[in-house]
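Visitor: Structure incoming, see below.
The values are calculated or read from the model by the stated rules, or taken from the named source; none is laboratory data. Everything numeric in this text was worked out from a predicted model, so none of it was measured. No Cβ is skipped: glycine too gets one built from the backbone with ideal geometry, and neighbour counts run over all protein chains shown.
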Amino acid sequence: MTTIATILETVKGPEANGAKCLPSQAQVNYFMALANGKQVGENERAHLIEYLPNLDRRTMAALIQWMVGLPWKPRPVVTSQSPKHPIMEGCYAIIHPGDGVLRFYEVRKPTKGKWAGFVFLSQLSGENHIRIREQGEREIVYGEISKNPMDSLKRFGQHIGRCGHCRKQLTDSESRQIGIGPVCRKHLGVESC
């Protein structure tokens, strides 16, 4: 097993003309990224960073080569970006408290793939989906929707003519009046008119 000490011993030797050739800034940056990102014991990581000011270009290259072969530290798994207010996936219409304007939003909750468990909020404007990334704005919208999610879902369908739950076009007058299609009404337990 290769260790830092064995690498330092192997590359020990006089520099050409006795002058120490300093590592480039790019080497130092890459070295630090590897030292912080690779699976290295905490003691070894501390030694790597401690040795840094005394390393020449050749030793730095040898340590970089060694670290490149190491596995990366596992990234922390984020299981959810859920809002504080539990809101089901769907489309909603709310009167925004900031300006009193009726706005339309879509909440997506992927169940498969790398985004499973995350919650995405977008404002709908025509065919455009504008992602809401600012946490304060997200909380305002989630707060307004959570006051009465079913009414916000229905309001979307009533204004847009598409089911607030599945986004399919509402084709009969009862569905347009309620704002949710017959299949989704049954699924959600919503009473007919």
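Visitor: Working only within the stretch 165-192, note down all residues that are within 20 Å of P149 (Cβ to Cβ) and assigned to a loop (DSSP other than H, G, I, E, B).
Guide: Answer for the stretch 165-192, where residues must be within 20 Å of P149 (Cβ to Cβ) and assigned to a loop (DSSP other than H, G, I, E, B): H165, C166, R167, K168, L170, G179, I180, G181, G189, V190, E191, S192.
For every residue, the table says whether it meets (1) assigned to a helix (DSSP H, G or I); (2) under 24 Å from I178 (Cβ atoms).
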| site | (1), (2) |
| --- | --- |
| I87 | no, yes |
| C91 | no, yes |
| G100 | no, no |
| Y105 | no, yes |
| K114 | no, no |
| F118 | no, no |
| I145 | yes, yes |
| M150 | yes, yes |
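Listed here are the residues, each with its yes/no results for (1) modelled with pLDDT under 90; (2) surrounded by fewer than 14 Cβ atoms within 10 Å (Cβ to Cβ); (3) more than 30 Å from S125 (Cβ to Cβ).
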site: Q39; (1), (2), (3): yes, yes, yes
site: A46; (1), (2), (3): yes, yes, yes
site: P53; (1), (2), (3): yes, yes, yes
site: V78; (1), (2), (3): yes, yes, no
site: H85; (1), (2), (3): yes, no, no
site: I94; (1), (2), (3): no, no, no
